[in-house]
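Reading through the structure tokens given below for one structure.
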Number of protein chains: 2
Amino acid sequence: MDAETTRSPDLETLVILLGFGKEAEVRDRLKGMHPADIARLIENLDEDVKPRLFALLSPEQASEVILELDDPSKRLILRALPSERLSEIVGEMDSDDATDVIGDLPADRAVTVLDRMEQEDVKEVQKLLRYEEDTAGGLMQIELVAVREDETAREAVEDIRAKGEEVGDLHNVFVVDRHQHLVGIMPLRKLILVPPETPVSAIMERDVVRIGVEVDQEEVAQIFKKHDLVSLPVVDAAGRLVGRITVDDVVDVMEEEASEDIYHLGGVHAEESVLSPPSWSVRMRLPWLLVNLATAMLAANVVNLFEGTIQALVVLAVFMPVVAGMGGNAAIQTITVIVRGIALGDLTFQNSRRVLGKEILVAVGNGVATGVITAVIAYFWKGLPVLGLVVGIAMIINIFVAGLMGTLIPLALRRLRFDPAVASGVIVTTFTDVTGFASFLGIATLLLAYMR
Amino acid sequence: MDAETTRSPDLETLVILLGFGKEAEVRDRLKGMHPADIARLIENLDEDVKPRLFALLSPEQASEVILELDDPSKRLILRALPSERLSEIVGEMDSDDATDVIGDLPADRAVTVLDRMEQEDVKEVQKLLRYEEDTAGGLMQIELVAVREDETAREAVEDIRAKGEEVGDLHNVFVVDRHQHLVGIMPLRKLILVPPETPVSAIMERDVVRIGVEVDQEEVAQIFKKHDLVSLPVVDAAGRLVGRITVDDVVDVMEEEASEDIYHLGGVHAEESVLSPPSWSVRMRLPWLLVNLATAMLAANVVNLFEGTIQALVVLAVFMPVVAGMGGNAAIQTITVIVRGIALGDLTFQNSRRVLGKEILVAVGNGVATGVITAVIAYFWKGLPVLGLVVGIAMIINIFVAGLMGTLIPLALRRLRFDPAVASGVIVTTFTDVTGFASFLGIATLLLAYMR
């Protein structure tokens with residue numbers, strides 16, 4: 001997106017108006033705005049002003065804005081919000097969103113908020129709270145329109161009239177038998193085009209993509225993509241229809257998963273955003289830097305072993321960062337392709353040996369090419385032919401290790417059920433740093449007599 | 001997704017059957033499979049077998065499979081396919097997909113293929129070819145159902161009956177005036193619930209989100225997300241309805257954009273996948289490694305300036321990789337947050353100063369924390385208090401530079417209309433390598449007398 005074209009509304013004006021206590025005027029300005037825009041606005045406010053602006057929203061608006069907020073702002077506002085008002089706001093939400101908000105509250109707060117909500121909404125939320133947040137059950141909403149297979153098209157239309165108003169995004173009507181088992185799906189267009197007495201069972205599609213409540217959200221997203229769906233019925237173990245997932249929730253999941261991979265590859269917490277408070281960001285990023293510090297010390301220890309060699313030929317220190325750096329870069333290239341391949345489902349256990357073979361070939365090709373170039377540069381720069389040879393060989397070894405470990409480590413982490421995006425980088429670059437310094441300085445030690 | 005749960009169909013069996021010339025049997029096995037699964041299967045075949053398997057698909061199946069293939073396989077198969085059969089396959093596609101395939105062909109091939117297609121399809125493709133691939137015009141399809149505002153609900157149903165069968169994914173009917181200007185949208189559910197004589201203008205929604213043909217696809221995706229859409233009408237400069245974009249295409253765009261950012265941050269070409277041919281991967285990754293080699297040589301030159309200092313105190317070589325490496329890691333953290341913030345639209349020009357302030361605070365916090373720890377380690381390990389001081393100060397300076405440049409460089413690249421994900425990493429880590437070595441070895445040179 002072009003950053004310049006999305007002018008956020010005039011932040012300064014609102015802050016000034018709030019400062020002068022002109023709350024009615026602020027309320028008026030907020031009325032016509034899109035919830036996502038209000039959320040962006042709030043995220044950019046100072047911490048103490050955020051809840052004050054949020055308090056000016058109608059319950060309906062507030063229920064939509066809160067879903068669009070980033071996590072730090074959401075937490076802040078939820079903490080500041082009186083329970084009574086929170087109950088009112090949550091009551092406006094679809095069951096899946098209400099459950100997400102309630103699920104994020106501390107237990108005693110959740111009970112207080114639920115106590116003040118309508119009995120029917122409470123039941124729905126309690127039902128949904130049983131599912132893990134990142135499964136089909138955690139994503140689904142209870143609101144849906146289902147008709148019985150033995151109804152006529154006319155009766156189905158009556159059902160839709162009765163329930164359709166409270167169910168948003170109605171694209172498909174689900175068809176169930178008398179025991180609530182999902183037996184078909186009926187696109188609305190079909191209902192329009194048949195005579196009213198046609199039985200539902202004659203026009204429904206029986207071949208329905210469905211998903212179990214326990215399935216992981218990444219798989220849910222892949223099913224939407226594969227079948228180009230706009231909504232997906234969710235069934236329990238007995239095949240009974242218990243909810244539906246709509247495509248807008250899946251779009252959010254996909255973005256969340258992609259962000260997570262990007263952040264984890266970069267050594268950043270998945271919830272960080274450009275607007276996270278600095279102290280929070282320090283707390284989240286520092287542990288990662290300390291892990292890297294520990295591995296850097298490991299590499300420093302390897303260099304330490306060869307102090308004598310460096311003392312004898314100090315020009316080696318000049319090429320150390322080149323060998324280690326190139327191994328690191330080659331490793332990151334391989335890890336990026338492998339981690340993304342795992343996330344997209346392109347890399348499976350069937351083809352992992354083939355992929356490893358490819359990465360080894362690529363590593364040999366790139367290692368030889370950059371190794372030879374570096375050897376030539378080192379030779380002409382320093383006039384030491386054997387130095388060139390040592391640098392070149394160390395580079396080839398190191399890029400080979402980068403390709404090998406860059407493939408094996410993410411696969412192993414995956415196998416052990418760790419997120420390969422989180423730890424692959426630090427583990428693999430530790431390997432490349434250690435083998436880079438060890439091979440470069442080790443070979444140099446062996447050939448020291450020929451290098452001066 | 002869990003890699004283990006998606007068993008791909010039995011590759012070996014198919015290859016053996018093909019080897020024995022049992023093509024009828026292979027054809028049978030392919031018949032019941034989902035296009036996406038067939039595509040995964042083909043991607044895993046050897047290059048010479050790919051076109052042979054593809055040739056066994058029906059034109060309809062082939063038209064869906066080709067859209068699911070990764071780029072290298074798609075290119076290979078398109079090259080091997082006789083023009084006549086390609087015309088037949090493209091004729092089965094929606095206008096947007098047909099245009100994408102034709103647009104990827106060499107000009108003379110495209111003309112040959114279009115020559116053999118039906119006149120009506122050719123016109124649609126020619127219309128769509130005028131738009132850039134990554135704009136709303138490039139994403140949209142011409143197939144849609146539009147009714148006139150002065151029709152009745154009954155007439156609208158007739159229109160849908162007439163055109164609805166050839167238009168897939170029909171969720172909304174668009175409403176136009178007599179000059180094809182988009183004036184409203186009518187959800188199908190409304191059409192079901194009103195008496196047949198109701199005029200369309202009485203039930204349509206007038207407040208329609210729409211988009212111009214020229215708008216960039218990233219912005220299209222953001223609009224879908226913001227408004228939770230399943231389809232979006234596309235209008236020309238005069239406000240006339242010219243096409244529609246459906247959510248399944250936007251889901252693909254989002255995944256494409258996320259992959260692109262991940263790949264570019266990792267220094268990999270956006271089209272690379274785990275199954276790309278090794279020679280192609282070498283050609284794509286090598287230039288990036290050479291750029292990094294050039295910048296590593298720049299850093300080596302800085303070290304070279306201080307050869308005398310290292311000769312005098314060789315323990316400095318041990319801590320060089322620690323200082324440079326930590327700066328690099330801190331830089332990547334900042335770049336990740338900034339690049340993702342730009343992509344998600346969280347980082348705008350309005351709040352960039354505030355974000356810069358945050359990153360500087362984070363850098364100071366993390367720099368001081370890791371600097372002090374490293375200083376203490378260096379002191380206890382080597383017993384040289386001033387060495388600890390020098391390492392610590394260099395680390396603080398370097399992490400500060402990482403935060404500053406990690407924020408400014410992506411913003412500047414964005415401003416200059418370059419993709420910040422591509423070049424930020426190499427530019428910023430060049431800065432951190434150079435300042436890391438320069439500050440560490442520079443300060444050490446000044447304090448050399450106190451360090452032994």
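Among B:Val90, B:Gly266, B:Val251, which residue has its Cα positioned farthest towards the positive end of the charge dipole of chain B, with +1 placed on the Cβ of Lys and Arg, -1 on the Cβ of Asp and Glu, and the dipole taken about the Cα centre?
So the residue we want is B:Gly266.
How big is the antiparallel share of DSSP beta bridges in chain A, given as a percent to the nearest 5?
75 percent
Expressed as a rounded percentage, what relative contact order does segment A:199-283 have, with Cα pairs under 8 Å and six or more residues apart?
Working: 62 pairs, mean separation 17.8, N = 85.
Relative contact order, segment A:199-283: 21 percent.
Which residue, A:Gly345, B:Leu286, B:Pro59, has the largest displacement toward the positive end of the dipole of the protein assembly as shown when charges sit on each Cβ (Lys, Arg +1; Asp, Glu -1)?
B:Leu286
Which value, in Å to one decimal place, does the Kirkwood hydrodynamic radius take for chain B when every pair of different Cα atoms is included?
One decimal place: 26.7 Å for the Kirkwood radius.
How high is the FRET efficiency between A:Ser83 and A:Glu197 when r is their beta carbon distance and R₀ equals 41 Å, given to the nearest 0.05?
Details: r = 52 Å, r/R0 = 1.27.
Computed FRET efficiency for A:Ser83 and A:Glu197: 0.20.
Between B:Pro199 and the same site in the other copies, what are the distances in nm, shortest first, taking label points 7 Å from Cα along the C-beta direction?
Once sorted, the set of distances for B:Pro199 reads 4.2 nm.
Quick one: check the C-alpha center-to-center distance for segment B:62-101 versus segment A:67-102, whole angstrom.
Distance between centres, Cα-based: 47 Å.
Strictly greater than 39 Å: what percent of every Cα pair in the protein assembly as shown meets that? Intermediate values should be presented prior to the final figure.
Values: 199642 of 408156 pairs.
The proportion of pairs with Cα distances above 39 Å equals 49 percent.
What spacing in nm lies between the two simple spin-label points modelled at A:Glu307 and B:Lys123, each 7 Å away from Cα in the Cβ direction?
So the two model labels end up 8.4 nm from each other.
Report the Cα centroid-to-centroid distance between segment B:171-237 and segment A:436-452 in angstrom, as an integer.
Cα centres, segment B:171-237 to segment A:436-452: 71 Å.
How many nanometers, to one decimal and shortest first, lie between the label point of B:Lys382 and those of its other copies, if labels sit 7 Å from Cα toward Cβ?
2.0
How big is the charge dipole of segment B:241-341 about its Cα centre, in debye rounded to the nearest 20, if each Lys and Arg gets +1 on its Cβ and each Asp and Glu gets -1 on its Cβ?
Roughly 520 debye for segment B:241-341.
First measure r as the distance between the Cβ atoms of B:Arg109 and B:Glu133, then evaluate 1/(1 + (r/R0)^6) with R0 = 25 Å and state the FRET efficiency to the nearest 0.05.
0.90
For segment A:146-262, what class follows from the C-alpha gyration tensor (a ≥ b ≥ c being the square roots of its eigenvalues): rounded when a/c is under 1.5, otherwise prolate if a/b is larger than b/c, else oblate?
Judged from the Cα gyration tensor, segment A:146-262 comes out prolate (a/c at least 1.5, a/b above b/c).
Counting Lys and Arg as +1 and Asp and Glu as -1, what is the net charge of the other residues whose Cβ lies under 9 Å from the Cβ of B:Thr407?
With Lys, Arg at +1 and Asp, Glu at -1, the net is 0.
What do you get for trypsin sites (Lys or Arg not before Pro) in segment A:53-154 restricted to DSSP loop and a cutoff of at most 14 other Cβ within 10 Å of the site's Cβ?
The qualifying sites are A:Arg130.
Go ahead and estimate [θ] at 222 nm for chain B from helices alone: -39,500 (n - 2.57) per DSSP H run with n ≥ 4, summed, over the residue count, rounded to 500.
Rounded to the nearest 500, it is -21500 deg cm²/dmol.
I need the GluC sites (Glu not before Pro) found in segment B:23-71, filtered to DSSP loop residues with at most 16 other beta carbons within 10 Å of theirs.
B:Glu47
Over chain A, calculate the relative contact order: mean separation of alpha carbon pairs under 8 Å at least 6 apart, over the residue count, as a percent.
Once normalised by length, the contact order is 11 percent.
Which order do the peptides B:258-266, B:322-330 come out in when sorted by mean C-beta neighbours inside 10 angstrom, highest first? Don't jump to the answer; show the numbers that get you there.
Numbers: B:258-266: 22.0, B:322-330: 28.1.
Packing order, densest peptide first, comes out as B:322-330, B:258-266.
Hey, got the average number of other protein chain Cβ atoms within 10 angstrom for residues in A:183-190?
3
Nearest 20 debye, what's the magnitude of the dipole of segment A:146-262 about its Cα centre given +1 on Lys and Arg Cβ and -1 on Asp and Glu Cβ?
800 debye
Can you flag which of A:Lys123/A:Lys190; A:Lys22/A:Lys50; A:Lys226/B:Lys31; B:Lys74/B:Lys163 are past 22 Å Cα-Cα?
The pairs that break the limit, which is 22 Å between Cα atoms, are A:Lys123/A:Lys190; B:Lys74/B:Lys163.
Would you work out which of A:Ser201, A:Leu416, A:Ala80 lies farthest towards the positive end of the dipole of chain A, given +1 charges on the beta-carbon of Lys and Arg and -1 on that of Asp and Glu, about the Cα centre?
Of the candidates, A:Leu416 comes out farthest on the positive side.
Dipole size in debye (nearest 20) for segment B:355-452 around its Cα centre, Lys and Arg Cβ +1, Asp and Glu Cβ -1?
I would put it at about 60 debye.
Determine the shape class of segment A:278-450: with a ≥ b ≥ c the square roots of the Cα gyration tensor eigenvalues, call it rounded for a/c under 1.5, and otherwise prolate if a/b is greater than b/c, oblate otherwise. The partial results should precede the final answer.
Numbers: a/c = 2.60, a/b = 1.47, b/c = 1.77.
In terms of gyration-tensor shape, oblate.
In what sequence, highest mean first, do B:231-238, A:438-445 appear when ranked by Cβ atoms within 10 angstrom?
Sorting B:231-238, A:438-445 by mean packing, highest first, produces A:438-445, B:231-238.
Once label points are set 7 Å from the Cα along Cα→Cβ at both A:Lys382 and B:Leu11, what is their separation, rounded to one decimal in nm?
4.4 nm
Quick note: the coordinates plus some simple rules give every number you see, no bench work behind them. What you see is a predicted model, and the numbers here were worked out from it, not measured in a lab. In this analysis, Cβ positions are derived from the backbone assuming ideal geometry, glycine residues included, and neighbour counts consider all displayed protein chains.
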